[in-house]
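**Student:** My questions all concern the structure below.
Every number here is computed from the coordinates shown, using simple stated rules; none is lab data. Just so you know, these numbers come straight off a predicted model, no measurement behind them. With ideal geometry, Cβ positions are generated from the backbone for all residues, glycine too; neighbour counts draw on all protein chains shown.
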Amino acid sequence: MGMYAIRTIIPILRMANLFDLPSVLPNDEGFEPLLSSHNILIERIISSGQTTPAGQWYDQEKDEWVIPLQGEAELSYEDGSRIMLKKGDYLLIGAHQKHRVEYTSANPPCIWLAIHGNFFI
């Protein structure tokens, strides 16, 4: 019996560019799923000055790895600590680690790449 390599071909369904933005940005932050399955979500987030509303916290079920590809942002945590993220800085936020977005740049808009999953199981 000969040896055969078995490959799965995954068709390219859509080609896009993470840096392509609408000509007019909406007033709300934009969330665009790029790839999703039962245990992972990869999304592009476009922020242009939006912040988390006063008194609210993100308390997510899954871990979140984020990187601003363009622009900058500042996050704060429930313990009062803050972190400034500039283009290329990345951060892993553990599940249920309460955090807020305190600042996002508007010029240029902040383009995030976010990966959600259970990374510490």
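**Student:** May I ask you to compute the full-extension gain from Ser37 to Glu61, defined as 0.36 nm times their residue separation minus their alpha-carbon distance, rounded to one decimal in nm?
**Tutor:** Separation in residues times 0.36 nm, less the Cα-Cα distance, equals 7.1 nm.
**Student:** What list do you get for His38, His99 if you sort them by fewest beta carbons within 10 Å?
**Tutor:** His38, His99
**Student:** Ok, one more. Check Phe119: other-chain or 5+ apart residues with amide H under 5 Å from its amide H, H built from backbone geometry?
**Tutor:** Asp63
**Student:** If you don't mind, there's one more thing I want to ask. Which longest run of the chain has no exposed loop site in it, a site being trypsin sites (Lys or Arg not before Pro) in a DSSP loop with at most 10 other beta carbons within 10 Å, and the site itself not part of the run?
**Tutor:** Result for the longest clean stretch: 15-121.
**Student:** Can you compute the label reach from Lys86? Point 7 Å from Cα along the Cβ direction, backbone N cut-off under 14 Å, restricted to segment 29-72.
**Tutor:** 68-72
**Student:** Still on this structure: What translational diffusion coefficient, in µm²/s and rounded to a whole number, does the Stokes-Einstein relation yield for the chain at 25 °C and a viscosity of 0.890 mPa s, taking the hydrodynamic radius as the Kirkwood radius over Cα pairs?
**Tutor:** So the translational diffusion coefficient is about 153 µm²/s.
**Student:** At 0.36 nm per residue, minus the direct Cα-Cα distance, what do Thr52 and Phe19 gain on full extension? Give it in nm, one decimal, please.
**Tutor:** Length gained between Thr52 and Phe19: 9.6 nm.
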